[in-house]
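Read through the structure below, which is laid out as structure tokens, and then see the notes.
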Amino acid sequence: MSDFEDNLKILRNEIDDIDSQLVALLAKRLAVTTKVGALKSLEGVPIFAPEREAALISKRREQAQEAGLSGDLIEDVLRRLMRDSYISQDASGYQCINPDCKKVVVVGGKGQLGGVFVDLFKRSGYQVAILEQDDWPNSDVILADASLVIVAVPIRLTSQVINHLNNLPADCILADFTSVKESPLYEMMKVHSGPVVGLHPMFGPDVTGLIKQTIIVCDGRDESQYQWLLKQFQVWGAKIYQVAAHEHDQAMSMVQVMRHFSTIAYGYHLMAEGADIENLVNMSSPIYRLELIMVGRLFAQNPILYSDIIFANPENITMMKRFAYRFLELLEDVEMGDKDAFVTMFKQVSHWFGDYANDFLAESKTMLLKANELKKH
């Protein structure tokens with residue numbers, strides 16, 4: 001064996017020893033974060049503490065730079081560690097914010113999203129009942145002593161289900177989980193005279209917990225009566241964003257409807273063109289791979305979910321027609337060879353994005369590096 005190989009072996013053994021120490025330290029860190037989770041649950045403190053996380057990352061970045069290390073590297077490692085620590089903290093139970101709550105009824109609780117909340121309420125010590133289609137003959141008994149009823153059914157069934165909930169206890173909170181808010185809120189306040197709130201969980205049913213997840217809240221009636229519910233969401237780690245129902249629906253027409261429709265149209269176009277997906281993946285830059293990932297992710301899910309969202313509000317058609325018109329408007333610039341008009345438009349949009357453009361550029365770099373790391377060889 002040459003001197004080079006001897007020296008390389010010595011250095012590699014040293015690296016292996018350091019890595020082994022790192023694993024032991026990470027296991028020790030996990031044990032401590034698990035205790036933190038148990039303590040927070042006991043006191044009803046939210047698992048996610050954004051100020052603490054930001055301060056920790058800032059301090060360690062500074063320490064890393066002083067040690068001659070990359071601040072980006074340390075932040076990446078820490079964020080990955082914190083994601084795992086949140087999962088370990090989430091494994092324990094949670095404090096029950098409202099011990100006086102008699103029963104939580106989740107209509108559609110056997111569905112994927114409803115099931116997430118059934119599990120969380122149970123882990124927080126609430127009595128939980130599930131109401132499915134076959135249970136309606138016995139619904140009066142199930143709903144009789146409910147303190148909270150959540151409608152977690154597909155959009156196309158929401159109105160029908162709400163109209164069956166016209167005999168709830170006067171102080172019962174009635175809520176829904178649909179991605180449109182004006183119509184369900186109107187329907188709920190029409191059938192129930194007690195507290196009403198519209199909720200939109202901004203995540204899919206594949207989440208393992210609510211840490212850093214957003215739940216949009218649209219006030220309905222008797223806001224003070226359901227503040228405990230919002231606090232319970234925060235204890236589970238969720239971020240609450242309150243907005244008027246009509247503002248929510250306007251935003252969702254762009255955040256959800258237009259994006260989903262565009263993605264579906266793009267996937268349909270790729271299929272109709274006979275594109276070779278393997279070829280596209282092999283020749284993709286990280287950003288195009290990420291785009292393909294998002295397209296493929298959508299088509300791996302239930303088409304009924306997306307058709308419900310897109311077809312739910314006829315007003316979305318007008319929005320999508322405006323989008324199609326602007327697409328054709330830009331295409332006409334390309335067809336006419338009017339590069340100046342195209343550049344002018346680009347600069348106008350860049351100015352409209354303002355500081356967000358650079359913020360998103362920096363944020364996307366991390367995402368693109370991760371997409372490239374995960375690329376299959």
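Tabulated data for the structure shown
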quantity: Qualifying positions in segment 334-346 - surrounded by 10 or more Cβ atoms within 10 Å (Cβ to Cβ) and either modelled with pLDDT under 95 or not acidic (Asp, Glu) (or both); calculated: VAL334, MET336, LYS339, ALA341, PHE342, VAL343, THR344, MET345, PHE346
quantity: GLU53 vs. criteria loosely packed, with under 10 Cβ neighbours inside 10 Å and at pLDDT below 90; calculated: no
quantity: Residue check for VAL153: in a loop (DSSP other than H, G, I, E, B), among the β-branched types (Val, Ile, Thr), free of Cβ contacts under 8 Å to residues at least 60 places away in the same chain and in the same structural domain as ILE216 (by TED's automatic domain parsing); calculated: yes
quantity: Within segment 245-271, tally of residues that are loosely packed, with under 14 Cβ neighbours inside 10 Å and more than 17 Å from the chain's Cα centre (by Cα); calculated: 6
quantity: Given (1) closer than 25 Å to ILE317 by Cβ; (2) in a helix (DSSP H, G or I), index of the condition ASN279 fails; calculated: (1)
quantity: 3 or more residues more than 30 Å from LEU157 (Cβ to Cβ) and among the basic types (Lys, Arg): qualifying helices (runs of 4 or more DSSP H) within segment 38-132; calculated: 50-66, 71-90
quantity: Residue pairs meeting the criteria (Cβ under 8 Å; at least 6 apart or on separate chains; first closer than 15 Å to PRO201 by Cβ, in segment 237-256; second among the acidic types (Asp, Glu) and not in a helix (DSSP H, G or I)); calculated: GLN242/ASP219
quantity: Pair list, Cβ under 8 Å, 6 or more apart: segment 12-30 residue under 22 Å from SER85 (Cβ atoms), other residue surrounded by 10 or more Cβ atoms within 10 Å (Cβ to Cβ) and at pLDDT below 95; calculated: LEU26/LEU81; ARG29/LEU81; ARG29/SER85; LEU30/ASP84; LEU30/SER85; LEU30/SER88
quantity: Residues satisfying the stated conditions in segment 343-368, i.e. part of a helix (DSSP H, G or I) and small (Gly, Ala, Ser); calculated: SER350, ALA357, ALA362, SER364
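The values are calculated or read from the model by the stated rules, or taken from the named source; none is laboratory data. For clarity, every value in this text was computed on a predicted model and none was experimentally measured. A quick note on method: Cβ atoms are made from the backbone with ideal geometry, for glycine too, and the neighbour counts reach across all protein chains shown.
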